[in-house]
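Right, one structure below, let's go through it.
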Amino acid sequence: MRGFFHKDNQQRKENANGLDTSLSKNIERIQEIFYHSSDLIIREIQIGKTEPIKAGIIYIEGLADLPSIHDYIMESLMLDMDETNRKQQNYFDFIKQQVLTIGDIAYISDFDSLIKAILNGGAVILLDQQAQGIHAKAKGWKDRDISEPHSQTLVRGPREGFTETFSTNTSLIRRKIKLPDLCLETYTIGRMTQTEVGIMYIKGTAGEHIVQEVRKRIRSIDMDGVLESAYIEEMIQDHSLTPFPTIYNTERPDVVAAALLEGRVAILTQGTPFVLVVPALFNQFYQSPEDYYHRADISTLIRLLRLLALFIAFLGPSLYVAITTFHQEMLPTPLPVGLAAQREGIPFPAFVEALLMETTFEILREAGIRMPRAVGQAISIVGTVVIGDAAVNAGLASPAMVIVVSITAISSFIIPSYDMSISIRILRFLIMALASSFGLFGIFVGIFALVLHLCSLSSFGVPYTAPFAPFIVSDQRDALFRFPQLGLMFRPHLIRRTKKKHSTFFNPTS
Amino acid sequence: MKKVLIPIRVCMILILLTGCWNRRELNDLAINSALGIDKSGDQYLLSAQVINPGQISPGRGGGGGNYAPVTTYRTKEMTIFNALRKMSRQTPRKLYQGHMRMLIIGEDVAREGIAEVVDFIERDHEFRSNFFIVVAKGTRAEKILSTLTHIEKNPAEKMFRSLEMSAKAWAPTVEVRLDQLVSELISPGKNPVLTAIQLNGDIEEGMTVDKLESVPPPSILQYGGSAVFKKDVLVGWFNENESKGYNYAMGNVRSTTGFVRDPRGGKILGEVIRTKARIETRVQNGNPKGSVFVEVTANIGEAMGNIDITDPKTIDWFENESEEKIGSLIQSSIAKAKKWKTDVFGFGEALQRSNPDYWAGVEKDWDQTFAKLPVEVQVDFRIKQIGTANQPILKRLKE
């Protein structure tokens, strides 16, 4: 099914795009284009009493708002039209100037824009003997209400999240940043889906080169469909051969607003509540918006805790395997004795044991997500029993391993970004393999390779590991630590265009 | 494409390498907690005390059965390493030395010289050097390693902990680790001293788990005195008091107690909380002269009898008496060492530091010189506090 927009080029040329003057020909043509789809509504009416003229109203059921078509188009045309006011004007001008009581209208003179208008939920009014149409923007489809985002929950902070509707999403950001400098550039991407994709940034704050780069990459996308922002993400990311996300995504307008204020660029996509933010650096992925909604000292400690959890999630089982199979002398004597007692009778090496438990957990986790909600409970019960007790009693795993796997699992949930959490999960298995063959040596080789890899990444020209490598002293205020707002006067060094944020602080002494 | 291939190649090489070098699962190890070395004819008798994890660690995994928490294996060989390897004929798993806590040297080995046996232990990478080295006094190391202990199920752990504790709270024991022993063995101006371990009670009874059910243990391992070496050969034993004097002089005392008798029949006990010691050897008129300076800080720990503690004179008297007593302890141990002609205090090292030229002349027969070395002992004893009571109860009773 290749739609109208790229029906064979030849046919397109033959059919010259312009509307015909005959209403019936036009209508016939439209029906042909839509293959007589049953949800395409074509209402033919007659307007005017002195000089009756045929008119057609064309829209798609469900996309256009029926009440406004009835009230502001049909009623105006059929009942309220007072022809005495019509002087020398033709019907077309008369209608659009004096009859239609609908806010936003546009003219259409070719089939391309007519089709676009209809597919976007507009109603098109065609008159007989006119090679022009009126596009009444009466878009009105069902939207999801603004609700709390599910992927990033906070204790304190705004409860609103983006929805699937592009205009709602842009308005959510506009509500937060009331600034004419907040630009929105909209592109239509996807040959078939014709998805609206918008770039949002604050002019003068966002680095012009970054905006330019985003524009360039967005424009170069050529694909059939864009159903989610992930499609865009994959097409514009800097590196595809990496487990790490180089584009940040969020459901939260406050996060996007904060990013825009820092000088980043947001990419909104019609049809998904996930908005992309570029450039995305490594340190963004362990930060949470809540870091800024609590006091600085608390936020700093929690951020450090999160980093610790990140390391546990990444290295937990590997360290256990490495130390218990290679470096037993590193443990205080009672510990290896206790562990050895637990391992009595376990048939597998520690690595296989860890792999077994980790894989089981990953399966449980995936099942927990895919399962219908109603059976979710069953999963958690089975999971607790399988991972917790049965595996130990059956002699498949030692209790210590169960502890390690559990703490690793819980730690991986602390990472605020789901994408980063997935990357860590994958890399964990690699490091485990290294640990089981080389011990701590392997782990360190793995970490070295990983750090080198991280340093080779960049997101829209900004080094991924900034502000650690390159080390930027002024940005340390909001990297590992979260300084009080007083200390956060500067925008990130590599992203900003203008240095200082506009803020003054209440000074109790003055 | 080349870029993609490189990691793939590396990964393929990794697969080839997964021979898992040096990998040992915990349950494939026989964790050796103590090693004992005795002499048997011209061979060494090596005893290894191996932990039985299931019995030592509580909880599941151990399975039932009332087995001993440790098993001691013995082999005879000409060298230590050989003996250890030969032991694999008896042990079901590979002996692992990383958690060895105690090295027990039999008296007969010590009398012949310990340098030979220490070499392997120093050379092998698996040993951690934080275990203690003690000498079995009046018994064989294998007997020591066949004794079960109360509270701490692992006898080696018991010996380790009790040496650690008594070195902290009781002056006569001394903690010697491998690195210290080796450096003292090779130093010409200092000879080693090791703590002695004794086995009291019924040895045979102490070997079975059943007998552990009685409240007073049938046999008990305890530290007493120390073994004095000349180079690497055991020459004699310090008794408790001489060991104490030795430790005061070496600054090893962290805390201990000591009392003096009041001429009127009472006793005052001081609890030592801090000591500092310095050994110096200077050359005066062409002759070396050694001095020991000891600073002791103590609290009054016990006062028995009708003594006025609050009187500064009593404190002064007590301080002087204690200084004299500690001084005589030190002198007695120096006298013993002089008798055996072994400089365990390191007067030679002190001389080497203060007067390297003179040392070069006497280094060869330092032991002879040491035997005639005049040593002056200066003790500075200070009372800090008298505890949470003022006068002794007996005194308050009389008033």
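Details
- Apart from one condition, A:Pro416 fits all of (1) buried (at least 21 other Cβ atoms within 10 Å of the Cβ); (2) assigned to a helix (DSSP H, G or I); (3) not hydroxyl-bearing (Ser, Thr, Tyr); the exception is (2).
- The helices (runs of 4 or more DSSP H) falling completely within region A:173-270 that include 1 or more residues that are of a type outside the set (A, V, I, L, M, F, W, C) and open to solvent by less than 10 Å² (accessible area, probe 1.4 Å) map to A:229-236, A:253-262.
- When A:Ala354, A:Ala367 are checked against the criterion of being more than 7 Å from chain B (Cβ to nearest Cβ), assigned to a helix (DSSP H, G or I), crowded, with 21+ Cβ neighbours inside 10 Å and not β-branched (Val, Ile, Thr), A:Ala354 stands alone in meeting it.
- Among the numbered conditions (1) within 14 Å of chain B (Cβ to nearest Cβ); (2) under 24 Å from A:Gly442 (Cβ atoms), the only one that A:Phe361 does not meet is (1).
- Looking across region A:61-85, the residues that are more than 15 Å from A:Ile47 (Cα to Cα) and either surrounded by 14 or more Cβ atoms within 10 Å (Cβ to Cβ) or outside the structural domain of A:Ile102 (by TED's automatic domain parsing) (or both) come down to A:Leu63, A:Ala64, A:Asp65, A:Leu66, A:Ser68, A:Ile69, A:Asp71.
- Residue within region A:410-421 that is within 25 Å of the chain's Cα centre (by Cα), at negative phi and of a type in the set (D, E, K, R) present: yes
- Qualifying residue in region B:303-321 (condition: free of Cβ contacts under 8 Å to residues at least 24 places away in the same chain, of a type in the set (D, E, K, R) and open to solvent by less than 70 Å² (accessible area, probe 1.4 Å)): yes
- Lone qualifier among A:Ile323, A:Ile346 - being assigned by TED's automatic domain parsing to the domain that holds A:Val405, more than 13 Å from A:Thr408 (Cα to Cα), at pLDDT below 90 and open to solvent by less than 60 Å² (accessible area, probe 1.4 Å): A:Ile346
- The condition of being over 30 Å from B:Leu269 (Cα atoms) and buried (at least 16 other Cβ atoms within 10 Å of the Cβ) holds for only one of B:Asp365, B:Asp357, B:Asp343, that being B:Asp343.
- For first residues located in region B:136-162 and open to solvent by 60 Å² or more (accessible area, probe 1.4 Å), partners that are among the β-branched types (Val, Ile, Thr) and lie 6+ apart or on another chain with Cβ distances below 6 Å form the pairs B:Lys143/B:Ile203; B:Lys153/B:Ile56.
- Residue check, A:Ala341 at pLDDT 90 or above, within 26 Å of B:Asn32 (Cα to Cα), more than 33 Å from the chain's Cα centre (by Cα) and surrounded by 20 or more Cβ atoms within 10 Å (Cβ to Cβ): no
- Which listed residue is in a loop (DSSP other than H, G, I, E, B) and of a type in the set (Phe, Trp, Tyr), from B:Phe318, B:Phe293, B:Phe345, B:Phe370: B:Phe345
- Inside region B:250-286, residues that are over 22 Å from B:Thr195 (Cα atoms), without any contact (Cβ under 8 Å) to a residue 60 or more places away in the chain and surrounded by fewer than 16 Cβ atoms within 10 Å (Cβ to Cβ) make up a count of 8.
- Top-ranked residue in region A:383-403 [being part of a loop (DSSP other than H, G, I, E, B) and away from every other protein chain (no Cβ under 11 Å); ranked as farthest from A:Thr360 (Cα to Cα)]: A:Ala394
- Conditions (1) in contact with a helix residue (DSSP H, G or I) (Cβ under 6 Å, 6 or more places away or on another chain); (2) among the charged types (D, E, K, R); (3) closer than 21 Å to A:Gln270 by Cβ: number failed by A:Lys139: (1)
- Selection status of B:Ile37, modelled with pLDDT of 75 or more, at the interface with chain A (Cβ under 7 Å from one of its Cβ atoms) and assigned to a strand (DSSP E or B): no
- Number of the condition not met by B:Gln55 [criteria: (1) in a strand (DSSP E or B); (2) open to solvent by 10 Å² or more (accessible area, probe 1.4 Å)]: (1)
- Filter result for the condition that a residue is under 23 Å from A:Ile410 (Cβ atoms) and either facing chain B (nearest Cβ under 10 Å) or surrounded by fewer than 16 Cβ atoms within 10 Å (Cβ to Cβ) (or both), over A:Ser380, A:Ser318: A:Ser380
- Entirely in region B:187-273, the strands (runs of 3 or more DSSP E) that have 1 or more residues that are farther than 30 Å from B:Val117 by Cα and either under 17 Å from the mean Cα position of the chain (by Cα) or not assigned by TED's automatic domain parsing to the domain that holds B:Pro69 (or both): B:256-261
- All of (1) open to solvent by 30 Å² or more (accessible area, probe 1.4 Å); (2) more than 11 Å from every other protein chain (Cβ to nearest Cβ) hold for B:Ala110 with one exception: (1).
- Test result for B:Val174, buried (at least 18 other Cβ atoms within 10 Å of the Cβ) and in a strand (DSSP E or B): no
- Pairing residues of region B:328-345 that are among the aliphatic types (A, V, I, L, M) with residues that are part of a helix (DSSP H, G or I), at Cβ distances under 6 Å and at least 6 apart in sequence or on separate chains, gives B:Leu329/B:Asn241; B:Leu329/B:Lys244; B:Leu329/B:Gly245; B:Ile330/B:Gly245; B:Ile330/B:Tyr248; B:Ile330/B:Ala249; B:Val344/B:Ala337.
- Filtered residue count, region B:181-194, keeping only those that are without any contact (Cβ under 8 Å) to a residue 12 or more places away in the chain and surrounded by fewer than 18 Cβ atoms within 10 Å (Cβ to Cβ): 2
- Top-ranked residue in region B:85-107 [being within 18 Å of the chain's Cα centre (by Cα) and open to solvent by 10 Å² or more (accessible area, probe 1.4 Å); ranked as farthest from A:Leu335 (Cα to Cα)]: B:Glu107
- Within region A:325-336, the set of residues being facing chain B (nearest Cβ under 7 Å) and farther than 14 Å from B:Gln97 by Cβ comprises A:Thr325, A:Phe326.
- Within region A:271-278, none of the residues are without any contact (Cβ under 8 Å) to a residue 60 or more places away in the chain, over 30 Å from A:Glu208 (Cβ atoms) and away from chain B (no Cβ under 14 Å).
- The residue that is surrounded by the fewest Cβ atoms within 10 Å (Cβ to Cβ), among those in region A:445-467 that are out of contact with any Cys (no Cβ under 9 Å at 6 or more places or on another chain) and assigned to a loop (DSSP other than H, G, I, E, B), is A:Gly461.
- Looking only at residues of region A:106-148 that are assigned to a loop (DSSP other than H, G, I, E, B) and buried (at least 22 other Cβ atoms within 10 Å of the Cβ), we find that the one that is modelled with the highest pLDDT is A:Gly122.
The values are calculated or read from the model by the stated rules, or taken from the named source; none is laboratory data. This one's a predicted model, so the numbers in the text were calculated from it and none came from an experiment. Note that each Cβ is placed from the backbone with ideal geometry, even for glycine, and that neighbours are counted across all protein chains shown. Side chains included, ligands, DNA and RNA excluded: accessible areas come from the protein's heavy atoms. Shrake-Rupley method; radii C 1.70, N 1.55, O 1.52, S 1.80 Å.
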